[in-house]
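Q: Got a structure for you, questions after.
The values are calculated or read from the model by the stated rules, or taken from the named source; none is laboratory data. From a predicted model like this one, the values you see are computed outputs, not experimental measurements. Cβ sites come from the backbone with ideal geometry, for glycine too, and all protein chains shown count toward neighbours. Remember, those area values only see protein heavy atoms, side chains included, never the ligands or the DNA or RNA. Shrake-Rupley method; radii C 1.70, N 1.55, O 1.52, S 1.80 Å.
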Amino acid sequence: MKIGFIGCGNMGSAMIGGILRQGIFSKDEIIVSNLTEEGRERSKKNLGVVTTPDNNEVVRSAKTIVLAVKPQFYEEVLDEVHNSLTADHTIIGIAPGKTLAWLEEKAGLPLKVVRFMPNTPAQVGEGMTAVCANERVSKEGLDEILKITDSFGCTEVIPERLMDAAGAVGGCAPAYVFMFIEAMADAAVSQGMPRKQAYKFASQTVLGSAKMVLETGRHPGDLKDMVCSPAGTTIEGVRTLEKNGFRSAVFEALTAAAEKGKKL
Ligand SMILES: NC(=O)C1=CN([C@@H]2O[C@H](COP(=O)(O)OP(=O)(O)OC[C@H]3O[C@@H](n4cnc5c(N)ncnc54)[C@H](O)[C@@H]3O)[C@@H](O)[C@H]2O)C=CC1
Ligand SMILES: O=C(O)[C@@H]1CCC=N1
């Protein structure tokens, strides 16, 4: 086995999907544990990977271990497996608030520790993942790890102090974007557009706008100005968004998410 996942729900399966698609590891090089029979069956059926109910089996079988359970279960999982961990293991935490130092302390021995902050667009190969690692991870070791995150989208290596910011603008933000898409589509439906078509318009518009920011390198405000004709329709919408505190609402939402990350 090349890599093991303890827990495999939304985020674990999104990451494994990318790893398999890019051929980083094959199905029989990935072992996944899950508490529930249903979860194991889902991983077997959708991903074709090896599954087990035993978290220790994952640690005994693979040297790179991703902790893909909810943050609340990190401590009990590390308690459960710490006797199977060795100095040759690399553990990868993907939960907000679980720092490199905390993970190493709970693992109970000096070992290589990495943090990812991925997001669910990994499922379609368009993830945005932040990565940081402790000093035991060599440059070559980090390069191997980055091949994994690159398989499901873009990666940025960042200092650990920025992980909560990355959690807000990367990990959590798809939820806010989906809310924005849903709200735009609702408005189009209220104007008479069929629901399915409204989702297509809203989603493709978000995708295209994001692509413009990435590909032109132009300031988002500049790109916004390009859309706003004098005395036109768009600027009326901009006025309404400003009146309703759109930017401030987004600012506060990401700040709340980042602050929560610091407390977990
Ligand atoms: N969902 C998201 O958008 C993102 C999630 N994350 C982080 O990823 C981690 C996983 O989140 P999700 O995939 O959303 O959760 P999830 O609930 O979809 O998946 C967790 C899986 O772990 C299994 N599990 C629970 N306790 C277990 C145990 N003791 N041993 C083995 N398996 C166990 C559950 O049955 C479930 O299938 C969390 O720490 C979360 O903070 C990070 C970035 C984005
Ligand atoms: O809400 C959460 O805890 C996870 C972390 C980042 C996105 N989802």
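Q: Give 45/70; 45/139; 45/147 a once-over and call out the pairs whose C-alpha atoms are over 31 Å from each other.
A: On the way: 45/70 22 Å; 45/139 36 Å; 45/147 25 Å.
In this structure, 45/139 lie more than 31 Å apart at Cα.
Q: Hey, another quick one. Taking amide hydrogens as modeled 1.01 Å from N in the peptide plane, which residues meet the under 5 Å criterion relative to residue 5, leaving out close sequence neighbours?
A: Here 31, 32, 33, 66 satisfy the definition.
Q: In debye to the nearest 20, how big a dipole does the chain give about its Cα centre with +1 on each Lys and Arg Cβ and -1 on each Asp and Glu Cβ? Could you put the intermediate results ahead of the total?
A: Values: 30 positive and 32 negative charges, 116 e Å.
I would put it at about 560 debye.
Q: Within the stretch 1-116, what whole-number % of the accessible surface is contributed by carbon and sulfur, with the 1.4 Å probe and all protein chains included in the calculation?
A: Carbon plus sulfur share of accessible area: 48 percent.
Q: Under the 0.36 nm per residue contour assumption, what length would be gained going from the current alpha-carbon distance of residue 54 and residue 264 to full extension?
A: Extra length available between residue 54 and residue 264 comes to 73.0 nm.
Q: Taking the Cα centre of the stretch 26-95 as the origin, how large is its charge dipole in debye, to the nearest 20, when only Lys and Arg (+1) and Asp and Glu (-1) carry charge on their Cβ atoms?
A: So the dipole magnitude of the stretch 26-95 works out to roughly 320 debye.
Q: Same structure, new question: What is the sum of charges, Lys and Arg at +1 and Asp and Glu at -1, for the other residues whose Cβ falls under 14 Å from the Cβ of residue 155?
A: Result for the neighbourhood of residue 155: -3.
Q: Let me know the charge dipole size of the stretch 135-244 about its Cα centre in debye, to the nearest 20, where only the beta-carbon of Lys, Arg (+1) and Asp, Glu (-1) is charged.
A: In total the dipole reaches around 480 debye.
Q: Please give, to one decimal in nm, the separation of the simple spin-label points placed at residue 21 and residue 140, each 7 Å out from Cα toward the Cβ.
A: The answer from the label model is 3.1 nm.
Q: Could you give the length gained by full extension between residue 196 and residue 243, i.e. 0.36 nm per residue of separation minus their alpha carbon distance, to one decimal place?
A: Extra length from residue 196 to residue 243 when fully extended: 14.0 nm.
Q: Where a Cα-Cα gap under 26 Å defines reach, which lysines qualify for residue 200, not counting those fewer than 8 residues away within the same chain?
A: 211, 224
Q: Which whole-number percent gives the relative contact order of the chain, counting Cα pairs below 8 Å spaced six or more residues apart?
A: It comes to 15 percent, rounded to a whole number.
Q: If you build the Cα gyration tensor of the chain and take the root of 5 times each eigenvalue, what three semi-axes come out, in whole angstrom, biggest first?
A: They are 38, 20, 17 Å, listed largest first.
Q: Let me ask something additional. Cα-Cα over 30 Å: which of 98/196; 27/263; 112/262? Could the numbers behind the result be given before it?
A: Values: 98/196 40 Å; 27/263 36 Å; 112/262 22 Å.
The pairs that break the limit, which is 30 Å between Cα atoms, are 98/196; 27/263.
Q: In whole angstrom, how far apart do the alpha carbon centroids of the stretch 190-242 and the stretch 9-80 sit?
A: The stretch 190-242 and the stretch 9-80 have Cα centres spaced 39 Å from each other.
Q: Moving on. On average, how much accessible surface per residue is there in the stretch 46-90, in Å², for a 1.4 Å probe, leaving out ligands, DNA and RNA? Please list the in-between numbers first.
A: Values: 2150 Å² over 45 residues.
I get 48 Å² per residue for the stretch 46-90.
Q: If you don't mind, another one. Rounded to whole Hz and in sequence order, give me ³J(HN,Hα) for the stretch 34-51 from the Karplus expression 6.51 cos²θ - 1.76 cosθ + 1.60, θ = phi - 60°, writing x for Gly and Pro.
A: Result, ordered by residue: 8, 5, 9, 4, 4, x, 5, 4, 4, 5, 5, 6, 7, 10, x, 7, 6, 10 Hz.
Q: Got a sec to turn the phi values of the stretch 3-14 into Karplus ³J(HN,Hα) couplings, 6.51 cos²θ - 1.76 cosθ + 1.60 with θ = phi - 60°, whole Hz, x for Gly and Pro?
A: 8, x, 10, 8, x, 7, x, 4, 7, x, 6, 4
Q: Cα atoms only, the stretch 38-173: Rg and Dmax in Å?
A: For the stretch 38-173, the Cα-based Rg and Dmax read 14.6, 39 Å.
Q: Say each of residue 41 and residue 250 gets a label point 7 Å from the Cα, pointing the same way as Cα to Cβ; how far apart are those two points in nm?
A: 4.2 nm
Q: Based on the Cβ-Cβ distance of residue 179 and residue 72, what FRET efficiency does E = 1/(1 + (r/R0)^6) give at R0 = 30 Å, to the nearest 0.05?
A: Values: r = 24 Å, r/R0 = 0.81.
Given R0 = 30 Å and the Cβ-Cβ separation, E is 0.80.
Q: Contact order normalised by length for the stretch 151-264, with contacts defined as Cα pairs under 8 Å and 6 or more residues apart; what percent is it?
A: Once divided by the residue count of the stretch 151-264, the mean separation gives 38 percent.
Q: Related question: Take the Cβ-Cβ distance between residue 28 and residue 235 as r, set R0 to 45 Å, and report the resulting FRET efficiency rounded to the nearest 0.05.
A: 0.20
Q: How many percent of the accessible area of the stretch 191-264 is carbon or sulfur, using a 1.4 Å probe?
A: Carbon and sulfur together cover 62 percent of it.
Q: Pick out, from 199, 124, 251, the residue whose Cα sits farthest towards the positive end of the charge dipole of the chain, with +1 on the Cβ of Lys and Arg and -1 on the Cβ of Asp and Glu.
A: 199
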